[in-house]
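Report on the following structure.
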Amino acid sequence: MPGPDLSVLSAALRDHGLDKSAVVVDLDALDHNIETVKRNADPGLAWRLVAKSLPSLQLLNYVQVGLNAPNLMVFSEQMLCHLLRQQNSDLLVGRPMPSSAARRILCQHPKAATHVQWLVDSTDRLAQFAQLSQELRITLRVNLEIDVGLHRGGFSQADIPELDRVLRGECGLKLSGLMGYEPHLSKLPRLLVSASEKRFDRSYGAFRKWADGQGQNLCYNTGGSSTFHRYGHSGLVNDLSFGSVLVLPSDFDTASTIGFVPAVFVATPVLKVLPKNHWPGLEAFAALRRNSVDIAVQGGYFMGQPVHPKGYAYSGIFGRSTNQEIWTGRAGSGVAPGDIALIRPTQSEFVMNLFGPILAYRRGQTFREWTVLPH
């Protein structure tokens with residue numbers, strides 16, 4: 001499957017009456033990507049969706065059902081609270097959260113004590129969560145962030161004795177697992193990748209050996225949209241996180257090598273069509289633009305690149321704009337005011353919940369509106 005027919009999608013959006021910027025998810029492409037995950041992810045591992053990358057309850061539900069993957073990774077307090085109200089998933093916090101924020105969440109949503117794994121990255125934060133558990137008289141599930149060689153924070157192997165002492169004491173904390181984030185390993189210079197991957201195995205292996213003695217059915221999490229397919233059930237991890245790959249923004253194009261296709265676009269109306277548009281102050285060179293057409297789209301400075309109308313790109317003369325951005329293309333493209341321009345975003349997080357309800361599109365069917373989650 002090469003991806004959605006953008007001219008058909010654009011025409012469907014115009015027929016729908018779109019008159020403002022919106023995010024569109026192509027469900028046919030999404031279905032294809034769900035099947036691609038099934039072919040490439042080890043079914044012996046738990047699959048965990050990253051909520052910030054698929055930031056709509058209906059979208060998450062759609063993919064959770066399609067993949068039989070109920071568990072989520074969450075990064076913000078607002079999104080976590082919303083999901084606690086709407087779901088009974090296991091929720092792994094994907095970045096360390098101040099204990100004061102955890103206190104607010106627990107006071108508003110008591111079920112967080114049993115449904116949330118709080119990510120802890122330091123002995124100081126561990127002590128803060130231990131104090132919080134004593135204040136609230138509840139047991140908190142803590143997942144330990146470990147440094148797997150990227151040096152983005154987290155515990156090192158030298159911290160294991162102190163962790164063992166604290167967690168075996170009466171601290172009100174229960175170890176729920178480990179999280180070793182590693183997708184950025186693949187972005188390192190090639191000379192560093194091999195050594196970094198070996199360091200990941202050593203570090204995660206040492207923590208896994210220790211954690212196996214702490215309890216049963218622990219969550220050993222890693223992975224990301226660009227690396228989830230590398231792991232098997234006989235390895236160090238049992239829980240894989242991914243999200244963006246299911247809609248494939250352009251930053252994840254490496255995943256297209258195993259069959260994923262773009263499924264998310266920013267759509268915005270064309271406001272003006274300006275054939276042979278003069279360059280400001282260079283009207284004497286108008287002949288140079290006889291085969292060019294500028295269009296002005298509603299809004300701008302989108303986090304992505306124009307993909308429809310075909311052959312258009314951001315103007316190098318007028319520059320970027322958040323108001324009515326100018327794109328430049330060739331004469332004969334047939335674009336008219338009211339047509340819908342499409343941008344392929346570089347990422348799905350932040351972008352997908354920026355414009356209000358997501359338009360869920362399936363060719364030949366009526367558009368559906370899916371509400372977005374808070375940032």
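Here are the numbers:
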| read-out | value |
| --- | --- |
| Val93 vs. criteria β-branched (Val, Ile, Thr), closer than 22 Å to Met179 by Cα and touching a helix residue (DSSP H, G or I) at 6+ places or on another chain (Cβ under 6 Å) | no |
| The one condition in (1) open to solvent by 40 Å² or more (accessible area, probe 1.4 Å); (2) under 16 Å from Glu349 (Cβ atoms); (3) outside any helix (DSSP H, G or I) that Pro43 fails to fulfil | (2) |
| Condition check for Leu150: at pLDDT below 95, under 25 Å from Leu91 (Cα atoms), aliphatic (A, V, I, L, M) and surrounded by 12 or more Cβ atoms within 10 Å (Cβ to Cβ) | yes |
| From the options Asp294, Asp339, residue that is touching a residue at least 60 places away in the same chain (Cβ under 8 Å) and either touching a Lys or Arg at 6+ places or on another chain (Cβ under 8 Å) or not hydroxyl-bearing (Ser, Thr, Tyr) (or both) | Asp339 |
| Lone qualifier among Ser7, Ser56 - being open to solvent by 40 Å² or more (accessible area, probe 1.4 Å), small (Gly, Ala, Ser) and farther than 28 Å from Asn217 by Cα | Ser7 |
| Some residue of the range 331-338 being over 23 Å from Lys52 (Cα atoms) and part of a helix (DSSP H, G or I) | no |
| Flag for Leu354 being crowded, with 19+ Cβ neighbours inside 10 Å and either over 20 Å from the mean Cα position of the chain (by Cα) or closer than 15 Å to Leu59 by Cβ (or both) | no |
| Filter result (surrounded by 22 or more Cβ atoms within 10 Å (Cβ to Cβ) and not in a loop (DSSP other than H, G, I, E, B)) within the range 221-233 | Asn221, Thr222, Phe228 |
| Subset of the range 242-276 that is at pLDDT below 95 and surrounded by 22 or more Cβ atoms within 10 Å (Cβ to Cβ) - its residue that is farthest from Ser333 (Cα to Cα) | Ala255 |
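The values are calculated or read from the model by the stated rules, or taken from the named source; none is laboratory data. Since the model is a prediction, treat every value here as computed from it, not as a measurement. All Cβ positions, glycine included, derive from the backbone under ideal geometry; neighbour counts span all protein chains shown. For accessibility, only protein heavy atoms count, side chains too; no ligands or nucleic acids. Shrake-Rupley method; radii C 1.70, N 1.55, O 1.52, S 1.80 Å.
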